[in-house]
């Protein structure tokens, strides 16, 4: 007797609505994305009912090595024959191995690591370390920034809606426009401990800074003994066509945070990586920042397997090539649908489409879902849609996404009575 998968799906959505979040279910249904994930591989997932989708959302960059990457899964299975998460207070070879590997692959003289579980925790650690090391208090951050919803990180989010219900927040946080160096310089005081930035803003809508921006901020930090924190949680591990996005501009931060794709979509882990001289702060305070599950033995083994996979398979170079293939299609859409598409912002496979108004994001999200593509408008601005597929996406899959986007835009233009409808 066959299983009624539609009934199973409906029950799962009903239970999710009742016990977790009714508004999330309602929102996903409206977007055509009330999916219950089942099978997954590469750039593809399968709803429990059997419908396949190309995933261009990937948890905002968790799945750089692909959905349910079999090599990473096997590394974890093998580790489970011997290890558990380990005891966080004890020294660990797995932690040491991954920290050493991160020191080898990160740019410049980044050398030491504090582990965590998620990105917000990594940014909390970065801000705490910067304040402790400099003995200063002020943190400069950017409008539209996204650094996580935990304590210190929440104060550095550049969207008031995330913060207002929880005020008062941590004091000493100063917001400036992203990409505006003069605004950063004007905000610096003698009490500035750190400037925290995403090299490319993710949740804010894939905003790429001017080429002279990060180098100028780096020089400013050097002049005033300020820690430069670069949040590479979405941009890291080959997403932008380089192992880390800051390499595009030849900038080395004092502190770098990574998470998401370090766990390969298999096991959560994050890292706050910093220059060796900052280790001086931890000499009298070796237990001042702890994470029970951060840098678990299993997570570190997975992280090492992820790095090996990215390097072995040349995913940075592949992301660059596939990004250019997307760009060719985007350029055509910009020409054919000026009524819908205003601008494309892209670095590698970190891509944002700026639509002409806020109504288009939800409508195109639904039309893409109908065509088996998962690409969701941003929470910060419904007029922007992010495309962040797994870096293993193939040329054929890129073309499928572009074709679906073109068909969706033609249909929407026809409904609106705008633009070309050929």
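The values are calculated or read from the model by the stated rules, or taken from the named source; none is laboratory data. Computed from a predicted model, the values in this text were never measured in an experiment. Neighbour counts run over all protein chains shown; Cβ positions are idealised from the backbone, glycine included.
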Next on the checklist: Please count how many residues of region 137-159 are surrounded by fewer than 19 Cβ atoms within 10 Å (Cβ to Cβ) and over 20 Å from the mean Cα position of the chain (by Cα).
Outcome noted: 1
Checklist entry - Can you name every residue in region 158-192 that is assigned to a strand (DSSP E or B) and more than 18 Å from residue 130 (Cα to Cα)? => result 176
Next on the checklist: If I ask for residues that are buried (at least 23 other Cβ atoms within 10 Å of the Cβ) and closer than 18 Å to residue 31 by Cβ, which ones from region 378-400 would you list?
Outcome noted: 384, 385, 386, 387, 388, 389
Checklist entry - Does any residue of region 330-341 turn out to be more than 21 Å from the chain's Cα centre (by Cα) and within 27 Å of residue 128 (Cα to Cα)? => result no
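Residue-by-condition table, conditions (1) without any contact (Cβ under 8 Å) to a residue 24 or more places away in the chain; (2) surrounded by 16 or more Cβ atoms within 10 Å (Cβ to Cβ); (3) closer than 21 Å to residue 232 by Cα:
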residue	(1), (2), (3)
294	no, yes, yes
303	no, yes, yes
310	no, yes, yes
314	yes, no, yes
318	no, yes, yes
322	no, yes, yes
336	no, yes, no
340	no, yes, no
Checklist outcome for this item: Expected single match for part of a loop (DSSP other than H, G, I, E, B), assigned by TED's automatic domain parsing to the domain that holds residue 116 and in contact (Cβ under 8 Å) with a residue 12 or more places away in the chain among 32, 50, 86 is 86
Checklist outcome for this item: All conditions in (1) within 27 Å of residue 197 (Cα to Cα); (2) outside any loop (DSSP other than H, G, I, E, B); (3) touching a residue at least 60 places away in the same chain (Cβ under 8 Å) are true of residue 71 except (1)
Checklist outcome for this item: (1) under 22 Å from residue 273 (Cβ atoms); (2) modelled with pLDDT under 95; (3) outside any helix (DSSP H, G or I) all hold for residue 112 apart from (2)
